[in-house]
Amino acid sequence: MAPLAIARREPGPEDVHLEILFCGVCHSDLHQVRNEWQAVMPTVYPCVPGHEIVGRVARVGSKVTKFRPGDLAAVGCMVDACRTCDECRAGNEQYCKAMPTFTYNFPDQCLGGVTYGGYSNAIVVDQAFVLRVPAGLDPAAAAPLLCAGITTWSPLRHWGVGPGHKVGVVGLGGLGHMAVKFARALGAHVVVFTTSPGKATQALQLGAHEVVLSTDAAAMAARAGSLHFVLDTVSAVHNVNAYLDLLVRDGTMTMVGAPPEPVPLGVFSLLFGRRRLAGSAIGGIRETQEMLDFCGRHGIVCDIERIPVQQIDTAFARLLRGDVRYRFVLDMSSLR
Ligand code: NAP
Ligand code: ZN
Ligand code: ZN
């Protein structure tokens with residue numbers, strides 16, 4: 001990665017101009033800069049990634065009521081949507097029928113070209129897509145809530161995870177560690193599945209009740225048919241059937257990880273037990289605010305490694321190896 005000068009629009013009446021303090025490093029950033037999602041979302045270079053943004057409000061437009069200069073505020077994966085379709089009106093902007101405007105690598109309606117994300121000094125966003133950060137949360141550790149947080153919160157809420165549920169979390173990275181914290185806070189029994197023996201102790205500290213090394217065939221077999229819900233956060237192609245087999249009858253496994261290649265599916269894992277395989281993308285704006293407020297009430301933030309932007313290449317290399325505990329967050333003061 002190399003530095004690049006980019007333009008931001010002059011704030012319009014509804015716009016909030018944020019000075020970016022921190023930006024989380026999502027594995028999606030890595031997929032995108034490596035153009036691994038070429039078939040679905042080809043990368044337009046130069047690409048400025050980053051959609052886990054916390055900043056300080058510097059300026060607001062004349063019609064902005066939600067924010068004042070000096071406020072802490074946040075921006076996630078979307079900076080706009082059509083706001084008129086059924087999905088937008090229902091608060092599901094992430095499923096906007098006209099496609100939401102993603103925070104980076106998406107056609108920029110105002111300036112032309114593509115949108116540029118949070119690995120930068122500043123960003124200008126319509127107030128409708130800017131979130132409030134609850135007081136008391138560490139702003140650096142709160143930044144990854146804007147993607148890793150909402151992406152795990154939304155499916156856990158949608159599928160009604162709570163007391164009496166046994167929930168599996170597959171992959172203990174940025175998303176996975178937040179899934180553990182949320183599932184635990186929602187009252188579920190949490191089982192982590194990891195390929196990294198070194199993460200086992202920390203998984204328990206994060207709130208898991210059990211940790212299973214997914215390479216341990218006996219430990220996997222012992223859990224067959226026992227989980228009500230599985231959230232799969234793995235970033236690479238892996239054996240999803242091994243996790244479908246762990247579901248109870250009518251149990252649901254939801255994919256949030258986005259491996260670039262198709263994932264092989266053995267349908268018998270679905271047929272026996274009438275199991276369901278689902279997917280979920282980030283979350284809506286209202287839901288994101290609810291998640292942030294929940295974190296504020298419960299003191300939940302991400303476990304982060306704070307780094308200067310100059311270390312992004314090393315962070316990407318470590319992310320690629322699954323060597324992350326559990327989110328890199330760029331301290332954007334290093335850019336100034
Ligand atoms: P991450 O921090 O790199 O975590 C991914 C974890 O998956 C790794 O820590 C590792 O956990 C496990 N893993 C990696 N390679 C593996 C392999 N070959 N086999 C088995 N397990 C492997 O990534 P992240 O930021 O949490 O993102 C995870 C995925 O979610 C990415 O594909 C990202 O693009 C996607 N994503 C989707 C959405 C959405 O809206 N659906 C939003 C954000 C991100 P262990 O060491 O514990 O095995
Ligand atoms: Zn992300
Ligand atoms: Zn819409």
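Can you confirm whether segment 93-108 contains a residue that is away from ligand 2 (no atom under 16 Å from the Cβ) and either among the polar types (S, T, N, Q) or within 15 Å of the chain's Cα centre (by Cα) (or both)? Even if it seems obvious, please write down each step before you answer.
Pass one, segment 93-108, residues away from ligand 2 (no atom under 16 Å from the Cβ): 95-99, 107-108.
This time we only want the ones that are either among the polar types (S, T, N, Q) or within 15 Å of the chain's Cα centre (by Cα) (or both), so: none.
Taking every residue of segment 93-108 in turn, none turns out to be away from ligand 2 (no atom under 16 Å from the Cβ) and either among the polar types (S, T, N, Q) or within 15 Å of the chain's Cα centre (by Cα) (or both).
Can you tell me which residues in segment 122-160 are among the charged types (D, E, K, R), over 13 Å from GLY284 (Cβ atoms) and not in a loop (DSSP other than H, G, I, E, B)?
ASP126, ARG132
Under the condition of being of a type outside the set (A, V, I, L, M) and within 13 Å of ligand 1 (Cβ to nearest atom), which residue from segment 277-303 is nearest to PRO264 (Cα to Cα)?
In this case the residue turns out to be GLY279.
Which of the residues belonging to segment 11-62 are within 13 Å of LEU146 (Cβ to Cβ), more than 12 Å from ligand 1 (Cβ to nearest atom) and not hydrophobic (A, V, I, L, M, F, W, C)?
Hits for segment 11-62 are GLY50, GLY55.
When only residues in segment 225-251 that are in contact with a Pro (Cβ under 9 Å, 6 or more places away or on another chain) and part of a strand (DSSP E or B) count, which is farthest from CYS96 (Cα to Cα)? Write out each step before concluding.
Residues of segment 225-251 that are in contact with a Pro (Cβ under 9 Å, 6 or more places away or on another chain), as a first pass: 229, 231, 234-241.
Next, only the ones that are part of a strand (DSSP E or B) stay: 229, 231.
Working: PHE229: 26, LEU231: 23 Å.
It comes out as PHE229.
Filter segment 241-289 down to the residues that are at positive phi and of a type in the set (Lys, Arg) and list them by number.
ARG274
Give the residues of segment 164-185 that are within 18 Å of the chain's Cα centre (by Cα) and assigned to a loop (DSSP other than H, G, I, E, B), sorted by residue number.
The answer is GLY171, LEU172, GLY173.
Looking at segment 86-121 only, could you name the residues that are part of a loop (DSSP other than H, G, I, E, B), within 13 Å of ligand 3 (Cβ to nearest atom) and touching a Cys at 6+ places or on another chain (Cβ under 6 Å)?
CYS96, LYS97, ALA98
Sort out which residues of segment 92-128 are away from ligand 1 (no atom under 16 Å from the Cβ), farther than 28 Å from GLN311 by Cβ and in contact with a helix residue (DSSP H, G or I) (Cβ under 8 Å, 6 or more places away or on another chain), and write them in order of number.
LYS97, ALA128
So that you can scan it fast, the table gives a plain yes or no per residue for (1) surrounded by 23 or more Cβ atoms within 10 Å (Cβ to Cβ); (2) in contact with a Phe, Trp or Tyr (Cβ under 9 Å, 6 or more places away or on another chain); (3) under 23 Å from CYS295 (Cβ atoms):
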{"position": "TYR104", "(1), (2), (3)": "yes, yes, no"}
{"position": "ASN121", "(1), (2), (3)": "no, no, no"}
{"position": "LEU156", "(1), (2), (3)": "yes, yes, yes"}
{"position": "PRO163", "(1), (2), (3)": "no, no, yes"}
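Among the residues of segment 114-124, is any touching a residue at least 12 places away in the same chain (Cβ under 8 Å), within 21 Å of THR152 (Cβ to Cβ) and not polar (S, T, N, Q)? Before you say what the answer is, go through the steps one by one.
Residues of segment 114-124 that are touching a residue at least 12 places away in the same chain (Cβ under 8 Å), as a first pass: 114-124.
Going one step further and asking which of them are within 21 Å of THR152 (Cβ to Cβ), we end up with 117-118.
Applying the additional criterion that residues be not polar (S, T, N, Q) yields 117-118.
Yes: segment 114-124 contains one or more residues that are touching a residue at least 12 places away in the same chain (Cβ under 8 Å), within 21 Å of THR152 (Cβ to Cβ) and not polar (S, T, N, Q).
One line per residue, one yes/no per condition, for (1) among the small types (Gly, Ala, Ser); (2) at pLDDT 95 or above; (3) in contact with a Phe, Trp or Tyr (Cβ under 7 Å, 6 or more places away or on another chain); (4) over 30 Å from VAL329 (Cβ atoms):
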{"site": "LEU175", "(1), (2), (3), (4)": "no, yes, no, no"}
{"site": "ALA222", "(1), (2), (3), (4)": "yes, yes, no, yes"}
{"site": "ALA242", "(1), (2), (3), (4)": "yes, yes, no, yes"}
{"site": "LEU246", "(1), (2), (3), (4)": "no, yes, no, yes"}
{"site": "VAL256", "(1), (2), (3), (4)": "no, yes, no, no"}
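The values are calculated or read from the model by the stated rules, or taken from the named source; none is laboratory data. Note that the structure is predicted; figures quoted are calculated from it, not measured. Cβ coordinates were reconstructed from backbone atoms using ideal geometry, including for glycine residues, and neighbour counts include every protein chain displayed.
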